[in-house]
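The values are calculated or read from the model by the stated rules, or taken from the named source; none is laboratory data. Remember, predicted model here, so these are calculated numbers, not experimental data. Counting neighbours? That spans all protein chains shown, and the Cβs are built from the backbone with ideal geometry, glycine included.
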Amino acid sequence: MDDDIPYLLLTPGPLTTSRSVRQAMMRDYCTWDDDYNSIVSDIRRRLVALACEDEDGGDYTSVLMQGSGTFSVEATLGSVIPPDGKLLLVDNGAYGQRIGQIAARLKIDAIIIDQPETQPADLNRVEQALSTDPTITHVAMVHCETTTGLLNPAAEVGRLAKQFGKKYILDAMSSFGGVPMTMGELGADYLVSSANKCIQGVPGFGFVIAHRRALEATEGCARSLSLDLFDQWRAMETGGGKWRFTSPTHTVRAFAQALVELEEEGGVAARAERYAENQRLLVEGMAEIGFRTLIDPQHQSHIITSFLFPDDSTFQFRPFYDAMKKRRFVIYPGKVSVADTFRIGNIGHVFPDDIRQLLVAIGEAIEELGIQMGRVS
Ligand SMILES: *Cc1c(COP(=O)(O)O)cnc(C)c1O
């Protein structure tokens, strides 16, 4: 852990970034100057390269959008689904639910497959919906439900979407850059993520990797001016990296540095291995202390893990959180309705040694609070 940070964020996101990513922000840039726009163009190229096999890179493009990740999800839904379109949505967590809220607010007709938060997308229900309603035009789903840490079968749903000739929007916010994936194998037409997740940048913008021809066909369809994905893309494409409105220059510069550091680490595969090692150590160590996980290991991502409260009814999140923060670790409250949980993220500038120290701190906090831990069977 860097000495210059008060605590490690195990909260995706924002998450813990490297000192060099934070230092990259110590300069002001002019938004219409080439120095800045060439950084933007380089980011757009690198994002497409991360999401594509070399041979199909030309079919895809990318666009950056101001705001947090939700703004990019909303920009995508509101810009690519035509007025007479219809969305099929898998909802098995808070972020899936948020896509449903966006659709409702934008008056987009939607069929929602409402599933328990602990179960991955039910492919039979997706296929059933697609085969009974030919008016569906788009399918949307969250890849890693950060609500729980559950990983949805993104490529399988993509195959169904393609089989039925639908466009596919994937919220890969918390997985892109930390789980190997390509647009081709996902069958995704639009993949949405943001600066402050697995690329390990700071918050301030999101991005969409899009099938070029699909995006080109959406001109004039947007329900919002500032969140018009096509217009934003055209401005960047024709203006050599120019944003339509004031862009988060410092965040963008930090993101460029974060992309270089991702490459230096060995790319997405190497980063995924580090996160997976973090997660493996965490779950093993937590089991030794007596904590059980919410999600079946088969569907558990290496991004974030939900732990069930211990049986001891005196356990409360807030004192535990404070005891952990005092020990320089910031953890995440739970976000599910089915059980009392808290969450620990593995992503960011966080390494196996940090997890080992975290486990020691958790043991100390449990002892300080006098929590009686049961046994994990
Ligand atoms: C982080 C995240 C978002 C976006 O959240 P913001 O708070 O708007 O950045 C959306 N979907 C998922 C799955 C996420 O993890």
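Okay, here's what the table says:
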{"quantity": "Conditions (1) surrounded by fewer than 24 Cβ atoms within 10 Å (Cβ to Cβ); (2) within 14 Å of the ligand (Cβ to nearest atom): number failed by residue 166", "calculated": "(2)"}
{"quantity": "Unmet criterion (only one of (1) surrounded by 23 or more Cβ atoms within 10 Å (Cβ to Cβ); (2) touching a Leu at 6+ places or on another chain (Cβ under 9 Å); (3) closer than 24 Å to residue 342 by Cα) for residue 173", "calculated": "(2)"}
{"quantity": "Matching residues in the range 29-38 - criterion: being assigned to a loop (DSSP other than H, G, I, E, B) and in contact with a helix residue (DSSP H, G or I) (Cβ under 7 Å, 6 or more places away or on another chain)", "calculated": "29, 30, 31"}
{"quantity": "Which numbered condition residue 218 fails, given (1) buried (at least 19 other Cβ atoms within 10 Å of the Cβ); (2) under 19 Å from residue 90 (Cβ atoms); (3) away from the ligand (no atom under 16 Å from the Cβ)", "calculated": "(2)"}
{"quantity": "Enumerated helices (runs of 4 or more DSSP H) restricted to the range 205-276, each holding at least 2 residues that are in contact with a helix residue (DSSP H, G or I) (Cβ under 8 Å, 6 or more places away or on another chain) and closer than 12 Å to residue 80 by Cβ", "calculated": "212-216, 229-238"}
{"quantity": "Hits in the range 74-97 (condition: aliphatic (A, V, I, L, M) and either over 15 Å from residue 225 (Cα atoms) or not in a helix (DSSP H, G or I) (or both))", "calculated": "81, 87, 88, 89, 90, 94"}
{"quantity": "Any hit, the range 314-331, residues being in contact with a strand residue (DSSP E or B) (Cβ under 7 Å, 6 or more places away or on another chain), more than 22 Å from residue 119 (Cα to Cα) and assigned to a strand (DSSP E or B)", "calculated": "yes"}
{"quantity": "Candidate set: the range 176-204, residues that are of a type in the set (Gly, Ala, Ser), within 14 Å of the ligand (Cβ to nearest atom) and in a loop (DSSP other than H, G, I, E, B); chosen: the one surrounded by the fewest Cβ atoms within 10 Å (Cβ to Cβ)", "calculated": "204"}
{"quantity": "Top-ranked residue of the range 115-162 - restricted to ones that are of a type in the set (D, E, K, R) and in a helix (DSSP H, G or I), ranked as nearest to residue 298 (Cα to Cα)", "calculated": "156"}
{"quantity": "Selected residue [over 22 Å from the mean Cα position of the chain (by Cα) and either buried (at least 22 other Cβ atoms within 10 Å of the Cβ) or not assigned by TED's automatic domain parsing to the domain that holds residue 50 (or both)] from 292, 280, 274", "calculated": "292"}
{"quantity": "Pair list, Cβ under 7 Å, 6 or more apart: the range 64-76 residue over 13 Å from residue 223 (Cβ atoms) and more than 9 Å from the ligand (Cβ to nearest atom), other residue among the small types (Gly, Ala, Ser) and not in a helix (DSSP H, G or I)", "calculated": "65/206; 66/247"}
{"quantity": "Options 13, 100; residue that is under 30 Å from residue 355 (Cβ atoms), within 14 Å of the ligand (Cβ to nearest atom) and either part of a loop (DSSP other than H, G, I, E, B) or in the same structural domain as residue 196 (by TED's automatic domain parsing) (or both)", "calculated": "13"}
